[in-house]
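Worksheet: the structure to be examined is printed underneath.
The values are calculated or read from the model by the stated rules, or taken from the named source; none is laboratory data. In this text the structure is predicted, and so the values were computed from the model without any measurement. Cβ placement follows ideal geometry from the backbone for every residue including glycine, while neighbour counts extend to all protein chains displayed.
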Amino acid sequence: MRKALIRIALLAVLAAGLTAAAALADQTATVTSSNHHVSHGTQVTVDVQGSDPAAAGQVPHSVAVKAARGFKVDTRAVAKLCTSSEASSNSCPSQSRIGGGQATITVNGPSLPPNGQYTATADLFLAHPQQSGDVAGVVLELSYLGYHVHTIGRLLHVATGPFGVETLFDALDKYSVPAGYSAKLDSIHVTFGVHRTVKRKRKGKKPKKVRHDLIRNPSKCSGHWPWEVVVTYPSSYSRTFDGSLPCTSP
């Protein structure tokens, strides 16, 4: 019974956790990359510490994460893409995994210990595009004691402006905490970015090894690369948070 209650809480925190990662980004969160050099493959890590701003019931409708123009996304960095049916059954293939981490939540309610803390495993998978023109889909899956919940976002290009790539999760307000229960995000740690090396056949020559990075840094650097997060609520009110990653040229 207790596991089932935690699973219900995770359904709500799935949306709230994304909100906290965005809304706290300019206060108690850090965004870092493993490589600051231009035109190099990199991994990105997000660490958030703090209370869930949606605890008062303000669950957002969408969260959009935007990266500086020039960042490249290569879906060939994974051997397989997760299908919609695989995502729905929480069975995305391991070859489609692009990152992960963990999220710690505090849950209160009937049949639960006061202020009980629970740590869920977070996994990210690259999926087939959700709409025509998208680069790919992104599956976020949370797991706790054998229970799994997920949501699917869109990875798309931004046509104009300082940002060139956007990851969008929407319809998050469909998740809500059941009456009599409360759940908040305490922390989240997620790292994403993978690479794969393949052999490319060449006529009359030995195969050439080619590396595909899921995330490749821009080819130009003016001291930093900006990022932006936009949180939109059902009332159409939105909040924008921004920051930057340092960069270096040869």
Task: Filter pass, G243 being in contact with a Cys (Cβ under 8 Å, 6 or more places away or on another chain) and in contact (Cβ under 8 Å) with a residue 24 or more places away in the chain - done: no
Task: Those strands (runs of 3 or more DSSP E) lying entirely in the stretch 147-238 with at least 2 residues of a type in the set (D, E, K, R) and at pLDDT 90 or above - done: 205-213
Task: Answer from Q117, Q95, Q131 - the residue that is exposed (fewer than 15 other Cβ atoms within 10 Å of the Cβ) and closer than 24 Å to D47 by Cα - done: Q117
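For (1) touching a Pro at 6+ places or on another chain (Cβ under 6 Å); (2) of a type in the set (S, T, Y), each residue gets a yes or a no:
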| position | (1), (2) |
| --- | --- |
| H61 | yes, no |
| A64 | no, no |
| A77 | no, no |
| C82 | no, no |
| A87 | no, no |
| P114 | no, no |
| T121 | no, yes |
| D134 | no, no |
TODO: Return the pairs, sorted by first residue and then second, in which the second residue is of a type in the set (F, W, Y), the first residue lies in the stretch 197-220 and is under 17 Å from A68 (Cα atoms), the beta carbons are less than 8 Å apart, and the residues are 6+ apart or on different chains.
DONE: L214/F192; I215/F71; I215/F192; R216/F71; N217/F71; N217/W225; P218/F71; P218/W225
Open item on the list: Quick check on K80: is it at pLDDT 75 or above and part of a strand (DSSP E or B)?
Closed with: no
